[in-house]
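Since the structure comes first, as C-alpha cells, the remarks are kept for the end.
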Amino acid sequence: MMMVSSKTFSSLQFFTLFYLFTVAFASTEEAIALLKWKATFKNQNNSLLASWTPISDACEDWYGVVCFNGRVNTLNITNSSVSATLYAFPYSSLPFLENLNLSMNSFSGTIPPEIGNLTNLVYLDLNTNQISGTIPPQIGSLAKLQILRIFGNHLNGSIPEEIGYLRSLTKLSLGRNFLSGSIPSSLGNLSNLSFLFLYENQLSGSIPQEIGYLRSLSILNLRTNFLSGSIPASLGNLNNLSSLLLYENQLSGSIPQEIGYLRSLSILNLRTNFLSGSIPASLGNLNNLSILFLYENQLSGSIPEEIGYLRSLSKLDLSNNSLNGSIPASLGNLNNLSFLFLYENQLSGSIPEEIGYLRSLSKLDLSNNSLNGSIPASLGNLNNLSFLFLYENQLSGSIPQEIGYLRSLRILNLGTNFLSGSIPASLGNLNNLSILFLDENQLSGSIPQEIGYLRSLRILNLGTNFLSGSIPASLGNLNNLSILFLYENQLSGSIPEEIGYLRSLSKLDLSNNSLNGSIPASLGNLNNLSFLFLYENQLSGSIPQEIGYLRSLRILNLGTNFLSGSIPASLGNLNNLSILFLDENQLSGSIPQEIGYLRSLTMLALFRNFISGSIPASLGNISGLHLLMMSHNNLSGELPSSISNLTSLRILDLGRNNLEGIIPQCFGNIISGLQVFDVQNNKLSGTLPTNFSIGSSLISLNLHGNELEGRIPRSLSNCKKLQLLDLGDNHLNDTFPMWLGALTELRVLRLTSNKLHGPIRSSETEIMFPDLRIIDLSCNAFSEDLPTNLFQHLKGMRTIDQTVDKPSYEANGYYQDSVIVVSKGLKLEVVRILSLYTVIDLSSNKFEGHIPCVLGDLIAIRVLNLSHNRLQGHIPPSLGSLSVVESLDLSFNHLSGEIPQQLASLTSLEFLNLSHNHLQGCIPQGPQFRTFENNSYEGNEGLRGYPVSKGCGNDPVGERSSEVKGITEEEIIASRQVTNKEGFDFRT
C-alpha cells in the first residue's frame, strides 16, 4: 500500500513540474513575440511601454498585460500613444488571448487576415486609430467574440457577411469609417446583439428586414449614411429597443405604423431623410419615449393628437416638413416637454392656449408656418421659457402683455407677422432678454421707454413697422446692445445723443424714417460700430467730424437726407471703410483729398449733391474701388489721369457735371474692366478713346452731351458685352458704324445730334443688331433711302417680350441706365426699363424715298419717328400692325396719298403727327383718332374729316368723345417722374 502511494506521489510531482515548465516556456514565448512586435513601433521611446523588457516578468510587470494561469489573457494598451501597424502582431503566439484593446492610438495600415487566428477572443477594440483597408472576412472565425469595436478609423469596402457568423456578439460598432455597400442581411443572425452601431459611413441600399430578427437589440444606430428605401416594418419586432437612430440618410416612404409597437423606445430620431406620408398615430403608444425627432423630411398631413399621449416626451421636433392643419391642443398634456419645434411647415389655425400648460418648456419655435389669430396670453405661464420663436406666420392682434411675465426669456422673435397695436411696456420686465425681434409687423405707437430697462439686450430689431414718435433716450442704457435696427418706420424727432453711449454697438440702422435735426456728434464714441445706416430721413446740418473717429466702420450710408456743408476730411481716418454713400443730399464744397486714404473702400457714391471743385487725384490710391458715382454735381476741371490706376473699378459714373478737357488715353487701363462708363452731359472735348481692348467687360457706355469730335473708334467692336452705347449730342463726324451690328447684346444705340452722314447700308445675309431695342440716329445728315436691310435684321423688335432681363451690373441696385427719347412730342428720360422700351428715331436727317413696308414687322415698336426728312410716297398700311406703338411721327416729309385705314386699329396710339406732308382723302375714324387735334394733320391741304372739317362722305360728325385720351397734364410737367401703365419710368 505504501508502495502505491509513493508511486502516486511521484507521478503527481512529475506532472506538476512538467506543467510549470511548459507554462513558463509558453509565457516566455508570448513575451518574446510581444517584444518583437514592440520593436516594430515607430515611437520606441514610449514611456507607458517602458516596462516591456526581456528581464521583467510579462505577467507581473508589463503595462497593459494581464495573464491567467501564466498565459497572456488580456492586452490593453488603449490611449498609449502607440504608432505602429498590426502586421507584426503575434497572432499565432497568443492562443489564450481573450481581450485585445488597442483603441485610441495611432495604428495604421490594414487589419491582416491573421486576426482570425485569435479564436479565443471575446473582446476586440481597435477604435479611434488610422486603420484603413477592408475588414477581413476571417474575422468571422472569432466564434467567441462578444464585443467588436472598430469605429473611428479609415476602413472602406463593404461589411463582410462573415460577421453574421459571430453568434456570441452583443456589441458591434463600426461607425465613423468609410464603409460602403449594403448592410449584410447576415447580421440578422446575431441573436444576442444588443448594440449595433454603423453610423457615419457611406453605406447604401436598403435596411435589411432581417435586422428585425435581433430581439435583444437595445440600440440601433445607422445614422449619417446613404441608406435608401423604406424603413422595414420588421423593426417593430424589436421589443427591447430603446434608441432608434436612422437620421441623415436618404430613406423614403412612410414611417411604418409598426414603430408604434416599440414600447421600450425612449429615443426615436428619423430626421433628415426623405420620409413622406403622415405621422402614424401609433406613435402615441410609445409611453417611454422622451425624444421624438422627425424634422427635415417630407412628412405631410396633420400632427396626430395621439402625440399628446406621450407623457414622457421631453423633446419634440417636427420642423422642416410639409405638415398642415392645426396644432393639436393635446400637446398641452406633455408636462415634461422642454423643446417644441414645429417651424417651417404649413400649419394653420391659431396657437392653442393649451401650449401655455407646458410649464417645463424652455424652447418653443412655431416659426415659418401659416398660423393666424392672436398670440395666446396663456404663453405668459411658461416660466422656464428661454426661446420663443413665432416669426414668419400670419399672427395678428396685439402682443399680449403677459409675454412680459417670461422672466427666463432670452430670445423673443415675433417678426414678419401682422401684429398690430403698441409694443407692451411689460417687455421691459424681461431682464434676461438678449435678442428681441419685432420687425416686419404693423406695430404702431411709440417705442416704450421701458425697452431701455433690458440691460442684457444684445440685438433689438423693430424695423419695418408703423412706429412713430421719437427714439427714447432710455435706449442709451443698453450697454450690451450690439445691433439696433429701427429702419422703415415713421419715427420722427432727432436722434438722441444717448445713442452714443452704446459702446458695444456694431450695427445701427435708423434708415427710412422721418428723423430730423442733426446727426449727434456723440455717435463718434461708438468705437465698435461697423454699420451706420441713416439714409432716407430728413436729417439736416453738417456731417459731424466725429464720424471720423469710428475706426471699425465698414459701411456708412447717409444718403437721401438734407445734409449740408462740406464732407469732413476726418472721414479719411476710416481705414476699414468699404462702402461710403453720401448721395442725394445738399452737400457742397470740394471732395476732400483725404478720401483717397480710404484704401479699403469698394463703393463711393456722392451723386446728386452740390459738390464743386475738381476730382481729387488721391482717389487713384483706392485700388480696390469697384463703384465710383459722382454724377449730378457741380464738379469741374479735367478727369484726373490717376483714375486709370483703379483697375478694379466696375462702375464709373461722373455724368451731369461740368468736367472738361479730354478723356485721357490712359483710361484704356480701366475701360476694359469697367461695366459702366458714364460721363454724359459734361464739357469733355477731344476724341473718343481708341484703345477698347479685346475681352472688354463694358456693358454701358454713355458719353452723351459732350463736345467730343472725330470718328467712332473701330475698337468698340471689341466690347462684345456692350448693351448701351450713347454718343449723342457731340460733334462726331463719321459715317454710320455698321460694324457695331456685330455686338449681339447691344440694346440701345444713340448717335443723335452729331455730324454723321452718308447712306446706311447693311448686308442682306450678315446678322446685324439682333437685340437692338432703341436706335436713335436723329439730327444728323444721313441720306438716301431708309435702311430696309437694317430693319430686317432687328429681331429684338419683332416680338413683344415683357420678360427681357435688365443689364446685370455689380451694384446694379445703385446705377440705372437712362436715355433721352422723343415720345409724344416731348423729350423724356427713360430709366430702368431700357430692355422693354422700343424706339426707332431717324428724324431730322436727309433720308428720301419710300417708307419700307418691313417696318410693319417690327411689332414691338412703341415710338417711331421719321419726321423732318425727305420721304415720299404712301404711308404703308403695314404700319397698322404696330399694335403697341404709342407715338408715331411722320411729319415734315413729302408723303402723299391717303392715311391708311389700318392705322385706326392702333389702340395704344396716344400721339400722332402727320403734319406738313401732301396727304389727302378722308382721315380714318377710330377710338384713338378721335383724340387727336388739328395740329396732327396741319399742312396737308387735301385731308378731310374730323377734326379738320365737318365731315367726310358718310362719316358721322359729332363732338369729341368723352373717352378722349390726349397727353395728360402729368406728362408735360417738367422734371416730374411718372409711371405709365407698363410700369415704365420717365423723367420729362
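The values are calculated or read from the model by the stated rules, or taken from the named source; none is laboratory data. What you see is a predicted model; the values in this text were computed from it and never measured. Using ideal geometry, Cβ is built from the backbone for each residue, glycine included, and neighbour counts are taken over all protein chains shown. Please note that ligands, DNA and RNA were not included when accessible areas were found on the heavy atoms of the full protein model with its side chains. Shrake-Rupley method; radii C 1.70, N 1.55, O 1.52, S 1.80 Å.
Here are a few things to note about the model shown:
- Where Leu725 falls short, out of the listed (1) part of a strand (DSSP E or B); (2) surrounded by fewer than 17 Cβ atoms within 10 Å (Cβ to Cβ): (2)
Condition check ((1) open to solvent by 20 Å² or more (accessible area, probe 1.4 Å); (2) part of a helix (DSSP H, G or I)) across all residues:
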{"residue": "Glu745", "(1), (2)": "yes, no"}
{"residue": "Leu749", "(1), (2)": "no, no"}
{"residue": "Thr752", "(1), (2)": "no, no"}
{"residue": "Phe769", "(1), (2)": "no, no"}
{"residue": "Leu772", "(1), (2)": "no, no"}
{"residue": "Asn789", "(1), (2)": "yes, yes"}
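- Those residues of the stretch 736-772 which are over 24 Å from Leu708 (Cβ atoms) and in contact with a Lys or Arg (Cβ under 8 Å, 6 or more places away or on another chain), in sequence order: Thr744, Pro770, Asp771
- Hits in the stretch 278-300 (condition: under 30 Å from the mean Cα position of the chain (by Cα) and surrounded by fewer than 18 Cβ atoms within 10 Å (Cβ to Cβ)): Gln298, Ser300
- Pairing each residue of the stretch 399-413 that is under 13 Å from Asn432 (Cβ atoms) with any residue that is in a helix (DSSP H, G or I) and among the hydrophobic types (A, V, I, L, M, F, W, C), provided the two are 6+ apart or on different chains, yields C-beta distances under 6 Å for Gly404/Leu427.
- Among the residues making up the stretch 539-568, those that are open to solvent by 60 Å² or more (accessible area, probe 1.4 Å) and either in contact with a strand residue (DSSP E or B) (Cβ under 6 Å, 6 or more places away or on another chain) or in a helix (DSSP H, G or I) (or both) are Ser542, Gln545, Tyr549, Phe562, Ser566.
- Pair list, Cβ under 7 Å, 6 or more apart: the stretch 559-583 residue within 16 Å of Glu594 (Cα to Cα) and at pLDDT 95 or above, other residue assigned to a loop (DSSP other than H, G, I, E, B) and polar (S, T, N, Q): Asn575/Ser600; Asn576/Ser552; Asn576/Ser600; Leu577/Ser600; Ser578/Ser600; Ser578/Thr602; Ile579/Thr602
- Of the strands (runs of 3 or more DSSP E) entirely within the stretch 59-123, those holding at least 1 residues that are over 60 Å from the mean Cα position of the chain (by Cα), surrounded by fewer than 17 Cβ atoms within 10 Å (Cβ to Cβ) and of a type outside the set (D, E, K, R) occupy 65-68.
- Any hit, the stretch 596-604, residues being under 22 Å from Gln816 (Cβ atoms), open to solvent by 10 Å² or more (accessible area, probe 1.4 Å) and out of contact with any helix residue (DSSP H, G or I) (no Cβ under 7 Å at 6 or more places or on another chain): yes
- Unmet criterion (only one of (1) among the aliphatic types (A, V, I, L, M); (2) under 21 Å from Ser696 (Cα atoms); (3) assigned to a strand (DSSP E or B)) for Leu604: (2)
- Pairing residues of the stretch 342-357 that are in contact (Cβ under 8 Å) with a residue 12 or more places away in the chain with residues that are open to solvent by less than 10 Å² (accessible area, probe 1.4 Å) and among the hydroxyl-bearing types (Ser, Thr, Tyr), at Cβ distances under 8 Å and at least 6 apart in sequence or on separate chains, gives Leu342/Ser319; Tyr343/Ser319; Tyr343/Ser367; Glu344/Ser319; Glu344/Ser367; Asn345/Ser319.
- Residue list for the stretch 898-920, restricted to those being closer than 12 Å to Leu943 by Cβ and open to solvent by less than 10 Å² (accessible area, probe 1.4 Å): Ile899, Leu914, Ser915, Asn917, Leu919
- The set of residues in the stretch 641-696 that are within 34 Å of the chain's Cα centre (by Cα), within 16 Å of Leu619 (Cβ to Cβ) and not in a loop (DSSP other than H, G, I, E, B) comprises Ile643, Ser644, Asn645, Ile651, Leu652, Asp653, Asn669, Ile670, Phe677.
- Test: residue in the stretch 374-388 that is open to solvent by 10 Å² or more (accessible area, probe 1.4 Å) and within 26 Å of the chain's Cα centre (by Cα): yes
Yes/no per residue for (1) under 25 Å from Leu313 (Cα atoms); (2) open to solvent by less than 30 Å² (accessible area, probe 1.4 Å):
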{"position": "Leu214", "(1), (2)": "no, yes"}
{"position": "Asn221", "(1), (2)": "yes, yes"}
{"position": "Ser228", "(1), (2)": "no, no"}
{"position": "Ala233", "(1), (2)": "yes, no"}
{"position": "Gly236", "(1), (2)": "yes, yes"}
{"position": "Ser243", "(1), (2)": "yes, yes"}
{"position": "Pro256", "(1), (2)": "yes, yes"}
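- Candidates Ile923, Ile972, filtered to the one that is farther than 21 Å from Val822 by Cα and either open to solvent by 60 Å² or more (accessible area, probe 1.4 Å) or at pLDDT 60 or above (or both): Ile923
- For the stretch 668-679, the set of residues classified as open to solvent by less than 10 Å² (accessible area, probe 1.4 Å) and touching a residue at least 40 places away in the same chain (Cβ under 8 Å) consists of Val676, Asp678, Val679, listed by residue number.
- Applying the condition of being under 13 Å from Ile303 (Cα atoms) and hydrophobic (A, V, I, L, M, F, W, C) to the stretch 341-355 and asking which residue is most open to solvent (accessible area, probe 1.4 Å) yields Phe341.
- Qualifying residue in the stretch 184-191 (condition: under 14 Å from Ile135 (Cα atoms) and open to solvent by less than 10 Å² (accessible area, probe 1.4 Å)): no
- Options Leu684, Leu627; residue that is in contact with a Phe, Trp or Tyr (Cβ under 8 Å, 6 or more places away or on another chain) and modelled with pLDDT of 95 or more: Leu627
- Candidate set: the stretch 25-58, residues that are basic (Lys, Arg) and open to solvent by 70 Å² or more (accessible area, probe 1.4 Å); chosen: the one farthest from the chain's Cα centre (by Cα): Lys36
- Residues considered: Ser578, Ser522, Ser590. Of these, the only one that is among the small types (Gly, Ala, Ser) and under 30 Å from Ser446 (Cα atoms) is Ser522.
- Checked against the criterion of being open to solvent by 10 Å² or more (accessible area, probe 1.4 Å), outside any loop (DSSP other than H, G, I, E, B) and over 22 Å from Gly404 (Cβ atoms), the candidates Ser522, Ser518 yield just one match: Ser522.
- Test: residue in the stretch 457-470 that is of a type in the set (S, T, N, Q), open to solvent by 30 Å² or more (accessible area, probe 1.4 Å) and in a strand (DSSP E or B): yes
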